[in-house]
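Heads up, the thing below is written out as structure tokens.
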Amino acid sequence: MARFDNRRVFKKDLYTRNGNIRAEEVRVIDSDGSMIGVLPTHQAIALAKEQELDLVEISPNAQPPVCKILDYNKYVFEQGKKEKDAKKKQSKVTLKELRIKSRIAPHDLDVKLRQIEGFLKKKDQVRLVVVFHGRENQHKDLGEQMLNDAAKRLEPLATVDGGLQQMGNRMSMTFVPKI
């Protein structure tokens, strides 16, 4: 049975620093970025305190662990800033769904396909769904033909993801924009 810990982890506690570093020897990088070399941990901490800075474990999995002498609060702030910038640059993929009946008029289908082209130009994924009602279920080949024609028309803008999918009285095709 899994236990959940209610303690919050603060950003200030993300990196091991000063007296919490467990390794006996560490590779030390000075505050200006120059390599000092491999030192015993207590000597590296003393060197950091002499400069009125902190010894922060940057790469704990390296042999020996890599530590840097720096202002810890400033470092945490800059790391948070980098994470925010990376999050801003991330693109969010949205999936738009358009439903049509199998007996749609040709002009109405053209309008829907133009709408899909607009979504694809905005880099959104689009799922085109053909819905069958009653006796239309016996003519699913018409819906399949309609979706294949849509795929041919949208070929310059999109690729078909997963092919033709059928579930109950619905038949769908997902279009992913070409990059």
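The values are calculated or read from the model by the stated rules, or taken from the named source; none is laboratory data. Please read these numbers as outputs of a predicted model, since none were measured by experiment. Please note that ligands, DNA and RNA were not included when accessible areas were found on the heavy atoms of the full protein model with its side chains. Shrake-Rupley method; radii C 1.70, N 1.55, O 1.52, S 1.80 Å.
The convex hull built on the alpha-carbon positions of the stretch 67-118 has an orientation-averaged projected area of 6.2 nm². The heavy atoms of residue 17 offer some 80 square angstrom of accessible surface to a 1.4 angstrom probe. Each residue of the chain gets 224 Å³ once the volume of the Cα convex hull is shared out per residue.
For residue 96, the accessible surface of its heavy atoms amounts to roughly 70 Å² (probe 1.4 Å, protein chains only, rounded to the nearest 10).
Size descriptors for the stretch 19-66: radius of gyration and Dmax over Cα atoms are 9.6, 26 Å. Summary of the geometry: the stretch 30-45 and the stretch 54-123, compared by the centres of their Cα atoms, lie 37 Å apart.
Compared with the direct C-alpha span, the chain from residue 49 to residue 14 gains 10.6 nm at full extension, assuming 0.36 nm per residue.
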